[in-house]
Ligand SMILES: Nc1nc2c(ncn2[C@@H]2O[C@H](COP(=O)(O)OP(=O)(O)O)[C@@H](O)[C@H]2O)c(=O)[nH]1
Ligand SMILES: [Mg+2]
């Protein structure tokens, strides 16, 4: 797997204001706060969240402390070095090569017994180790007391307590890192601790069992010496939550409700900023027009800049940005709370019946943010067969670039006749239904794949359910707006500008008195009509390959270019424009279906190619959803013609 | 194997048991060992998922969900 990107010493000679550069590796079980420590040390924004498996690639960053510079590497989470999965193998090889000047093992203070296992294993291959006992704030709340000095004595290495989320204890950690790197503090190897522990993949199973049993015994002894539980029922709260979120009666309804609420807030909340932005852009347009007129620019330039580039660009921002900016943070909050693994837990049986992996629901959840991220996230699935299934079906979840399209169509065609609160609820229910259709198709296709080209029985499903955590609402909102939303928007804008220009050129270059655009849309028209769409929509989906956000703006531009120029400042006017261009309810439904079921965007395709290392699978991942979309639309169109 | 050895799947919610042996092989076995399903560790059966499978277990201070196929491969003794 492409987890090795260590180009660390490149800038060594260029910078002069630090003495030395050291390499620090962050290792540890999944979900103990490695990425949080990493972010706190480097000031970067590596993705964190309360579920095991969100970091699947190495990340690297730099930090300075006193006179030295440190290159910090965030390794993927591992339960053990006796490699059961590919990421773990990578982590093991990295640690084994001794490339790091110091390994910081991040551990979860609330779950030391299991965490110690990995600590002992790492100690047996290197002793330049610091144990960072993280989540101390949470441990305190749960009444878990850890004697850090005793632990340090037992392990023979420095032990630092931290609460990385609130940045407590990090300077002590840096201090310890410095001391190890410059050789001021020597770790000593505790012989009896690591005796007989051999770490490599070729150990026969019976020996491996014995090694692990031994490690376990030793860890238990250390645990009993260093950790005291002052409250016996510290897991009570989590258990109560689990009763609520995963029980037979309430589990599934609460899950639907939770998503419903998120979509509802997104839909209703996006309305106002959308309108406001449209109004703002309209105002700016008047000034811009006046300015261009003042410059005496030729008509075609005005058309190109204002009708072409500006309109598409502002449309992408006004319609696409608000839902994204609301949905992203809401979803991150859900992610931070620890609810996502419960979804996987609830849904696993469905996936098992389709011979797929329960963690597929986690990768689907990531797909809501961005399908490319979802595809990378599939690395958390160990079995290659099940991972491929998850990769091939990830696109059935509408990503953040497609969600606003769905929302816009639903608001115009289905919810417009309702008022007030009801309007929001109707939109939510329809959106939920569309998404459930996507999930349903995911299951069907998974089942189909595992009965045909990806034959096999389900492998085991072993998932850790982390404790619930109170999400940091404000921080999450700020962060997801600044790095995720703006990033997606940036991408959309980059694509929207040339797309707008292209459409304008197509619409204004005439051959035999017919515009190029007309030639193009006429070409797609028969096919489009057959599946309940029209030539413009088909072309928009094809041109939307670089970024799905621009599909609706392209449709709009094409319609406007063919004569019916309207003011586009609100959805009602857009609705009129669409109706004037022959849209019906069937068109709306088919467009929504195509929006969910069509080839992945270019970024996702590239990612699929990278992840599967196969052109064939990439093609298939584009073919399957498109075929489903076309067939579904064909059927819907036929039914509507019969009615 | 003595007479009161059961598989983990047979243990009811809320009850505790002690691991005797693992029947699974290969990767699944390693993963179970990593997560603390080693001989003599104590497991508490927590919550079933809505469809009854998988089931959540409390082991070594963490909650781990297992499918019934995996739970069947863990031999335990009631305590
Ligand atoms: N309360 C508390 N939560 C933390 C702390 N460190 C990390 N977290 C949370 O623990 C979760 C997992 O953290 P993350 O850095 O993604 O873990 P990783 O898988 O080890 O990289 C996230 O929801 C963090 O916000 C801490 O010191 N205190
Ligand atoms: Mg991480």
* To do: Kindly work out what percent of the DSSP beta bridges joining two residues of the protein assembly as shown are antiparallel, to the nearest 5.
  => 65
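How high is the relative contact order of region A:5-234? Use alpha-carbon pairs under 8 Å, at least six apart in sequence, and give a whole percent.
Details: 408 pairs, mean separation 44.7, N = 230.
After rounding, I find 19 percent.
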* What average number of partner chain Cβ atoms lie no more than 10 Å from the Cβ of the residues making up B:20-32? -> 4
* Asked: Relative to the longest principal axis of chain A, what angle (0 to 90°, nearest 10) does the C-alpha long axis of helix A:571-580 take?
  -> 50
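Just want to confirm a number: the relative contact order over chain A, from Cα pairs under 8 angstrom separated by 6+ residues, in percent. Write down the numbers at each step before the final one.
Working: 986 pairs, mean separation 76.5, N = 643.
It comes to 12 percent, rounded to a whole number.
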* Gyration tensor verdict on region B:1-56 (Cα atoms; rounded if a/c is under 1.5, prolate if a/b is larger than b/c, oblate otherwise) -> oblate
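Quick check: from the Cα gyration tensor, does chain A come out rounded (a/c under 1.5), prolate or oblate?
Numbers: a/c = 2.20, a/b = 1.83, b/c = 1.20.
Here chain A falls in the prolate category.
Please work out the FRET efficiency for the pair residue A:191 and residue A:240, using the Cβ-Cβ distance as r and a Förster radius of 45 Å; give the result to the nearest 0.05.
Details: r = 45 Å, r/R0 = 1.00.
Efficiency, rounded to the nearest 0.05: 0.50.
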* Structure fact -> A chain fully extended from residue A:627 to residue A:572 at 0.36 nm per residue, minus the present Cα-Cα distance, gains in nm 16.6 nm
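Restricting to DSSP H runs of at least four residues, report the calculated mean residue ellipticity at 222 nm for chain B, -39500 (n - 2.57) per run over all residues, nearest 500 deg cm²/dmol.
Working: 2 runs with 13 residues, N = 79.
My calculation for chain B gives -4000 deg cm²/dmol from helical runs alone.
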* Other chains near B:64-74: what is the mean number of their Cβ atoms within 10 Å of each residue's Cβ? -> 4
* Can you tell me the FRET efficiency between residue A:257 and residue A:585 if r is taken as the Cβ-Cβ distance and R0 is 22 Å, rounded to the nearest 0.05? => 0.20
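For region A:441-551, rounded, prolate or oblate, judged on the Cα gyration tensor with a ≥ b ≥ c (square roots of eigenvalues), a/c < 1.5 rounded, else prolate if a/b > b/c? Intermediate values should be presented prior to the final figure.
Numbers: a/c = 4.15, a/b = 1.49, b/c = 2.79.
Oblate, since a/c reaches 1.5 and b/c is not below a/b.
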* Helix-derived [θ] at 222 nm for chain A: sum -39500 (n - 2.57) over DSSP H runs of at least 4, divide by residue count, nearest 500? -> -18500 deg cm²/dmol
* Asked: Cα axis of helix A:112-123 to longest principal axis of chain A: angle in degrees, 0 to 90, nearest 10?
  -> 80
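Explain nothing, just the number: relative contact order of chain B, from Cα pairs under 8 Å at least 6 residues apart, as a whole percent. It would help to have the intermediate numbers written out before the result.
On the way: 149 pairs, mean separation 33.6, N = 79.
Relative CO of chain B lands at 43 percent.
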* Asked: How long is the gain from residue A:522 to residue A:486 if the chain were fully straight, where each residue apart is worth 0.36 nm and the alpha carbon distance is subtracted?
  -> 9.3 nm
* Asked: Relative to the longest principal Cα axis of chain A, at what angle does helix A:486-508 sit, 0 to 90 degrees, rounded to 10?
  -> 20
* Structure fact -> Mean other chain Cβ within 10 Å across B:54-61 is 6
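At a Förster radius of 35 Å, what calculated FRET efficiency corresponds to the Cβ-Cβ distance of residue A:224 and residue B:10, to the nearest 0.05?
Working: r = 30 Å, r/R0 = 0.86.
With a Förster radius of 35 Å, E is 0.70.
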* Structure fact -> For the pair residue A:642 and residue A:184, the simple spin-label estimate (label points 7 Å beyond Cα toward Cβ) gives in nm 8.1
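Every read-out reported here was derived from the displayed coordinates using simple, explicitly stated rules and does not represent laboratory data. Given the structure is predicted, the values throughout are model-derived calculations rather than measurements. Neighbour counts are summed over all protein chains in view; Cβ atoms, including those assigned to glycine, are modelled from backbone coordinates with ideal geometry.
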